Amino acid sequence: MASINVYSVNDQIIKEKDCVTKIGLSCVLEAFTSIFKTWNISNKYCSELVVLGKVCHSALVKRTLENPLLKGLNLVTLIAKSIQTWNNCLALIDSPSPSA
């Protein structure tokens, strides 16, 4: 029953923050590929992810990880990779660009 409540909370956050319409499908795919496989995400999509915001990013990741098709995956590792992807993007966006 707790998972249903968590799912409801994530859905509520996603709906209230209008997370789904704030980010393009290409960015979602690249961000999730970064989390699940490669650790790589382009500067363009890092910018979109940061604009989306940490609350939306976390809620979307948590909702995705609740999918029964992902049962058996190491959720702790995936959440850690999600946080690392967020932190990498934030650092990239916050860092000053090199002088030309």
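For Lys44, state whether it is of a type outside the set (Phe, Trp, Tyr) and either crowded, with 17+ Cβ neighbours inside 10 Å or within 16 Å of Cys89 (Cβ to Cβ) (or both).
Judged against the criteria, Lys44 is a match.
The test for being among the β-branched types (Val, Ile, Thr), closer than 20 Å to Ser26 by Cα and either outside any loop (DSSP other than H, G, I, E, B) or modelled with pLDDT of 90 or more (or both) does not hold for Thr77.
In the condition set (1) surrounded by 10 or more Cβ atoms within 10 Å (Cβ to Cβ); (2) modelled with pLDDT of 90 or more, Ser8 is compliant with all but (2). One residue alone among Asp18, Asp11 is touching a helix residue (DSSP H, G or I) at 6+ places or on another chain (Cβ under 9 Å) and on the phi > 0 side of the Ramachandran plot, and that residue is Asp18.
Of everything in region 21-41 that's loosely packed, with under 13 Cβ neighbours inside 10 Å and without any contact (Cβ under 8 Å) to a residue 12 or more places away in the chain, which residue is farthest from Thr85 (Cα to Cα)? Top of the filtered list is Thr21.
For region 89-100: of the residues being at pLDDT below 90 and assigned to a helix (DSSP H, G or I), which is surrounded by the fewest Cβ atoms within 10 Å (Cβ to Cβ)? It comes out as Asp94. Do we find a residue being touching a His at 6+ places or on another chain (Cβ under 9 Å) and touching a residue at least 12 places away in the same chain (Cβ under 8 Å) anywhere in region 64-82? So far as region 64-82 goes, yes, one or more of its residues are touching a His at 6+ places or on another chain (Cβ under 9 Å) and touching a residue at least 12 places away in the same chain (Cβ under 8 Å).
The values are calculated or read from the model by the stated rules, or taken from the named source; none is laboratory data. A quick note: this is a predicted structure, and the numbers were derived from the prediction, not measured. Positions of Cβ are backbone-derived with ideal geometry, glycine not excepted, and every protein chain shown enters the neighbour counts.
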